[in-house]
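Note sheet for the following structure.
The values are calculated or read from the model by the stated rules, or taken from the named source; none is laboratory data. Remember, it's a predicted structure, so these values are computed and weren't measured experimentally. With ideal geometry, Cβ positions are generated from the backbone for all residues, glycine too; neighbour counts draw on all protein chains shown. Note: accessible area is taken over every heavy atom of the protein model, side chains too, but ligands, DNA and RNA are not part of it. Shrake-Rupley method; radii C 1.70, N 1.55, O 1.52, S 1.80 Å.
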Amino acid sequence: MDLDLAQVRAFATAAEELHFGRAAARLAISQQALSKRVARLEAALGARLLDRDPRGVGLTGAGHRFLEPARRLLAQGDLAVAAVAGARRPLRVDVWGHLYAPMRTLARAVEGVPGLEVEPVPGRDLPSVAAALQRGESDAGFGRVHPLPDGRDAGLAHRLVRLEPVDALLSTDHPLAGRDVLRPGDLRGSVLHYPAAVDRLDFLTRFADRFGIEERAGSTNLGLERFAERIRTDPACFSLLPADCPLPDLPGGPGSPGIRTVPLADPTPLYAWSLLWRDTDEPPHRLDPLLGAFTGAARRSRWLEYDPARDWLPGPDEAALDG
């Protein structure tokens, strides 16, 4: 049978949103049109794909089995269109982890590379970037990759492109603020402050678990300046910040007293930046210039140096480096 891609896209969008209204809005069609497309697809397949009830939308067993092949079909269709209509368009790269300033690294890798055109697009977080990649809305993602629940990262591949040391971010009134270097274990007894909800920042949680940081506090993501101000006003707190990430300006101007960063050693925690894309046997050829740019930057700036006797990486990051 020949599948109608509009019907397949309607099903996949409804399966991702689990809500017909939101799915219809994303596709810029009416909810009635979306429902009809899904119903026609189910009739053609001879199987119910979605359960509808007043509480929302859920996948049936057949829907679960159909979803991943459907995503791959849609991605291939988008690639076929792009091969004809947009062979020279810029690479769309969805970027997340904005509090850690990912654009610093992306810019250093791609600036001045002949023939490489990149269109960075702000992504909300890893789950939203992964969903955009699976829908074929972007070519690659850039940020820190970690396992997602419920297999939401299925069908995606990634490559580590930079390992960046992290420093402790402290109020100048913190008891350890006068030290030149800290061990991660020295921070036991302080409160690890998250710049967002605790369940949204995998790296900080793995750091806290590894080094015995028991007290943790989440917050609302209102940007790096508000986060740094929270650290400045609470000497019991600390957080982590990539070593090359510039400190924000606080009241009093650049360099004002109030916060400082202290390097961490023995071991030095490393934050792993990765490129992410839809999984194939090899990265798509369109990504070759981007991957080459990162390879060159890593070689020049020694971005991928890792010594397990000196450094610390979370388990999944270390496994990705070995791979």
Query raised in the report: Scanning the stretch 273-304 for residues that are assigned to a loop (DSSP other than H, G, I, E, B), modelled with pLDDT of 90 or more and in contact with a strand residue (DSSP E or B) (Cβ under 7 Å, 6 or more places away or on another chain), which turns out least open to solvent (accessible area, probe 1.4 Å)?
Result: Trp303
Query raised in the report: Residues of the stretch 6-25 being open to solvent by 70 Å² or more (accessible area, probe 1.4 Å), in contact (Cβ under 8 Å) with a residue 24 or more places away in the chain and assigned to a helix (DSSP H, G or I), which ones?
Result: Arg9
Report summary line: Of the residues in the stretch 154-166, those that are open to solvent by 20 Å² or more (accessible area, probe 1.4 Å) and more than 30 Å from Glu68 (Cβ to Cβ) come to Pro165
Report task. Could you list, in sequence order, all residues of the stretch 220-242 that are over 15 Å from His174 (Cβ atoms) and open to solvent by less than 40 Å² (accessible area, probe 1.4 Å)? Result -> Gly223, Leu224, Phe227, Pro242
Report task. Restricting attention to strands (runs of 3 or more DSSP E) lying wholly within the stretch 117-234, give those where 3 or more residues are among the charged types (D, E, K, R) and farther than 30 Å from Phe11 by Cα. Result -> 156-171
Query raised in the report: Which pairs do you get when a residue that is over 17 Å from Ala298 (Cα atoms) and of a type in the set (Gly, Ala, Ser), found in the stretch 108-129, comes within reach of a residue that is in a loop (DSSP other than H, G, I, E, B) and open to solvent by less than 40 Å² (accessible area, probe 1.4 Å), reach meaning Cβ atoms under 7 angstrom, with the pair 6+ apart or on two chains?
Result: Gly123/Trp96
Report summary line: For the stretch 134-158, pairs from a residue that is aromatic (Phe, Trp, Tyr) to a residue that is assigned to a loop (DSSP other than H, G, I, E, B) and buried (at least 18 other Cβ atoms within 10 Å of the Cβ), with Cβ under 9 Å and 6 or more apart or across chains, are Phe142/Trp96; Phe142/Gly97; Phe142/Pro102; Phe142/Gly123
Query raised in the report: What's the number of the condition Asp186 fails, among (1) loosely packed, with under 15 Cβ neighbours inside 10 Å; (2) without any contact (Cβ under 8 Å) to a residue 40 or more places away in the chain?
Result: (1)
Requested in this report: Kindly indicate which of Ala28, Ala44, Ala107 is hydrophobic (A, V, I, L, M, F, W, C), open to solvent by 40 Å² or more (accessible area, probe 1.4 Å) and out of contact with any helix residue (DSSP H, G or I) (no Cβ under 8 Å at 6 or more places or on another chain).
Outcome: Ala28
Query raised in the report: Going through the stretch 310-321 one residue at a time, which ones are open to solvent by 50 Å² or more (accessible area, probe 1.4 Å) and modelled with pLDDT of 95 or more?
Result: Arg310
Report summary line: Looking across the stretch 133-153 at residues that are buried (at least 18 other Cβ atoms within 10 Å of the Cβ) and among the basic types (Lys, Arg), the single one that is farthest from Leu276 (Cα to Cα) is Arg135
